[in-house]
Amino acid sequence: MGANQISININELTPKYLQIIQYFAEKIENGDLKEGDKLPTEQEICNFFNVSRITARQALDELTNKGYIVKKQGKGSYVSINKMKMQLNSLQGFSEEMRSKGLEPSSKLLSLEICNPSLEVATKLNIDPSVKVYSIERIRYANNVALSLENVFIPFFLCPDIEQYDLTDSLYKILQKNYNIVIKRANQSIEAGFVDKRAAKLLNVKAGTQALIIERVTYTSNDTPLEYVKSLYRGDKYKFYVDLYK
């Protein structure tokens, strides 16, 4: 979209930065601006909306926080991926889910340690608190956009030396290929929450942004608890749905 294509038809009583947000949000939701399209520069927005750089930057920051756009250092602002529909009655890992939607998954490993589980984690995994577990924390991305912060706990005895593998890849793929562990089922819960300061910095959103807190216990083919996962998903990026049958 070029800057000369901008035409404004918004209530003049609306604050300027909200006019900018409303304009671009409507263009994105209507499909006039599509994923990957570049937005006008801050200066172009200043010129066409007759606002200061501070106002233009405020609007772009809010569009970023709402998930409409993503900023690329030194390149500008681009339309971000749309809110994704995630199927609740399908057992898939993050990587498999993203690829099924035509997106490229990736991960950043934040921490990996062998430790004694908390009572909550031990209970979820049906193990004694004296049994060592792997604690793996990762940021999950789709097309280089940070979508979730994930903490996985796996009993050490199920996958000793897993740290030798590339943990930015799919864990399920690693477990099946190297430990012959096949996923059978999972119990999952979802509740509303908010992004705290640490998560906000990691996910590139504003602290206090709405989030989905998802907890999952996954079981192997012989019904042994394999993992307990607690994830924080950006609420602006996900919509969960389920197929119901009579």
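The values are calculated or read from the model by the stated rules, or taken from the named source; none is laboratory data. Since this is a predicted model, take the numbers as computed values, not measurements. Backbone-built Cβ (ideal geometry, glycine too); neighbour counts: all protein chains shown.
Looking at Val195, Val182, Val229, Val205, can you tell me which residue is surrounded by fewer than 17 Cβ atoms within 10 Å (Cβ to Cβ) and either in contact with an Asp or Glu (Cβ under 6 Å, 6 or more places away or on another chain) or aliphatic (A, V, I, L, M) (or both)?
Details: Val195 fails: surrounded by fewer than 17 Cβ atoms within 10 Å (Cβ to Cβ); Val229 fails: surrounded by fewer than 17 Cβ atoms within 10 Å (Cβ to Cβ); Val205 fails: surrounded by fewer than 17 Cβ atoms within 10 Å (Cβ to Cβ).
On inspection, the qualifying residue turns out to be Val182.
How many residues, within the stretch 187-215, are hydrophobic (A, V, I, L, M, F, W, C) and closer than 20 Å to Ser80 by Cα?
9
Could you list, in sequence order, all residues of the stretch 100-113 that are at pLDDT 80 or above and surrounded by 12 or more Cβ atoms within 10 Å (Cβ to Cβ)?
Hits for the stretch 100-113 are Pro105, Ser106, Ser107, Lys108, Leu109, Leu110, Leu112.
Report yes if some residue within the stretch 210-220 is part of a helix (DSSP H, G or I), closer than 24 Å to Tyr68 by Cβ and in contact with a Ser or Thr (Cβ under 9 Å, 6 or more places away or on another chain); otherwise report no.
No, there is no match, as no residue in the stretch 210-220 is part of a helix (DSSP H, G or I), closer than 24 Å to Tyr68 by Cβ and in contact with a Ser or Thr (Cβ under 9 Å, 6 or more places away or on another chain).
Determine which member of the set Asn126, Asn89, Asn65 is more than 22 Å from Asp169 (Cα to Cα), assigned by TED's automatic domain parsing to the domain that holds Tyr172 and at pLDDT below 95.
Details: Asn126 fails: at pLDDT below 95; Asn65 fails: assigned by TED's automatic domain parsing to the domain that holds Tyr172.
Among Asn126, Asn89, Asn65, only Asn89 is more than 22 Å from Asp169 (Cα to Cα), assigned by TED's automatic domain parsing to the domain that holds Tyr172 and at pLDDT below 95.
Of all residues in the stretch 29-42, count the ones that are within 17 Å of Ala59 (Cα to Cα) and either at pLDDT below 80 or in a loop (DSSP other than H, G, I, E, B) (or both).
Summing the residues that are within 17 Å of Ala59 (Cα to Cα) and either at pLDDT below 80 or in a loop (DSSP other than H, G, I, E, B) (or both) in the stretch 29-42 gives 5.
Among the listed residues Ile45, Ile21, Ile54, identify the single one that is more than 27 Å from Lys239 (Cβ to Cβ), outside any loop (DSSP other than H, G, I, E, B), modelled with pLDDT of 90 or more and touching a Leu at 6+ places or on another chain (Cβ under 8 Å).
On the way: Ile21 fails: more than 27 Å from Lys239 (Cβ to Cβ); Ile54 fails: touching a Leu at 6+ places or on another chain (Cβ under 8 Å).
The match here is Ile45.
One line per residue, one yes/no per condition, for (1) out of contact with any Pro (no Cβ under 8 Å at 6 or more places or on another chain); (2) more than 22 Å from Ile183 (Cβ to Cβ); (3) touching a residue at least 24 places away in the same chain (Cβ under 8 Å):
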position: Leu202; (1), (2), (3): yes, yes, yes
position: Thr209; (1), (2), (3): yes, yes, yes
position: Leu212; (1), (2), (3): yes, no, yes
position: Thr218; (1), (2), (3): no, no, yes
position: Thr224; (1), (2), (3): yes, no, yes
position: Val229; (1), (2), (3): yes, no, yes
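Check off (1) under 30 Å from Gln43 (Cβ atoms); (2) assigned to a loop (DSSP other than H, G, I, E, B); (3) at pLDDT 80 or above for Tyr78 and give me the number that stays unchecked.
Unmet for Tyr78, out of (1) under 30 Å from Gln43 (Cβ atoms); (2) assigned to a loop (DSSP other than H, G, I, E, B); (3) at pLDDT 80 or above: (2).
For the stretch 177-209, which residues satisfy the criterion of being hydrophobic (A, V, I, L, M, F, W, C) and in a strand (DSSP E or B)?
If the condition is that a residue be hydrophobic (A, V, I, L, M, F, W, C) and in a strand (DSSP E or B), then Ile183, Ala186, Ile190, Ala192, Phe194 are the ones that fit.
In this structure, does Gly235 turn out to be modelled with pLDDT of 90 or more and within 28 Å of Val79 (Cα to Cα)?
no
Take the conditions within 21 Å of the chain's Cα centre (by Cα), more than 30 Å from Tyr172 (Cβ to Cβ), modelled with pLDDT of 90 or more and surrounded by 13 or more Cβ atoms within 10 Å (Cβ to Cβ) and apply them to Leu60. Does it pass?
Spelling it out, Leu60 is indeed within 21 Å of the chain's Cα centre (by Cα), more than 30 Å from Tyr172 (Cβ to Cβ), modelled with pLDDT of 90 or more and surrounded by 13 or more Cβ atoms within 10 Å (Cβ to Cβ).
For the stretch 128-144, name all the residues that are within 15 Å of Thr224 (Cβ to Cβ) and surrounded by fewer than 20 Cβ atoms within 10 Å (Cβ to Cβ).
Once the filter is applied, which keeps residues that are within 15 Å of Thr224 (Cβ to Cβ) and surrounded by fewer than 20 Cβ atoms within 10 Å (Cβ to Cβ), the stretch 128-144 yields Asp128, Val131.
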